[in-house]
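Scroll down for the structure; my scribbles are underneath it.
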Amino acid sequence: MNIDYIRRVEMEFYEVVRTRRSIRSYRADPVPETSLRRVLEAARMAPSGSNRQPWKFYVVKDPEKKRNVAQVCGSQMWIDQAPVVIVAAGWKVPTNRGGYIGDMSFVMDLSIAFTQLILAARAEGLGTCWIGDFQNTEVKKILGLPDDENVVAVTPLGYPDKGGFTPNTSRKPLEEIVEEA
């Protein structure tokens with residue numbers, strides 16, 4: 001493989017990581033199905049413990065459902081501006097990672113997949129905002145999710161209306177978060 005190609009791909013990946021932002025204002029432009037599929041495929045390819053893949057991604061496009069989901073996400077009504085809202089849900093798996101996580105390890109697995117989803121969205125020029133403020137039971141009712149599934153994260157998905165993608169400079173320096181052990 002050509003080394004220049006590899007370097008270009010690496011730089012593109014790091015640019016995605018460097019410029020991914022939480023977007024809270026969206027244009028009404030629809031998300032192309034090809035882009036949506038690539039974003040969901042990136043989530044599907046994420047690693048999980050014992051390859052269980054204890055997740056499902058619900059793609060919400062119906063305006064009333066999006067509005068209802070936004071309402072139970074701390075009344076953050078800007079969420080329903082996006083043409084798509086993705087709800088990530090998972091289910092308990094019998095494991096005990098680290099000796100203390102127990103059957104809630106699906107949260108870790110799903111978080112990996114959701115991270116890949118939001119990074120892929122950025123690569124597609126689409127904005128996201130990881131929403132952790134939601135009422136699990138209410139989201140499940142709105143979408144008709146099974147009893148054994150629990151919501152882990154929600155994100156609007158669409159083209160940014162304001163601001164866009166700029167490097168995030170509000171991170172701690174590497175020396176403050178890394179230590180040799």
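What follows draws every value from the coordinates through simple rules; no lab data is involved. Here the structure is a predicted model, which is why all the values come from computation and not from measurement.
Things worth noting here:
- Ellipticity at 222 nm from helices only: DSSP H runs of n ≥ 4 in the chain, each -39500 (n - 2.57), divided by the residue count, give -11500 deg cm²/dmol.
- In the chain, the ratio of gyration radius to Kirkwood radius, Rg to Rh, stands at 0.99 when only Cα atoms are counted.
- Annotated for the chain: lysine pairs at least 8 residues apart or interchain, Cα distance under 16 Å, count 9.
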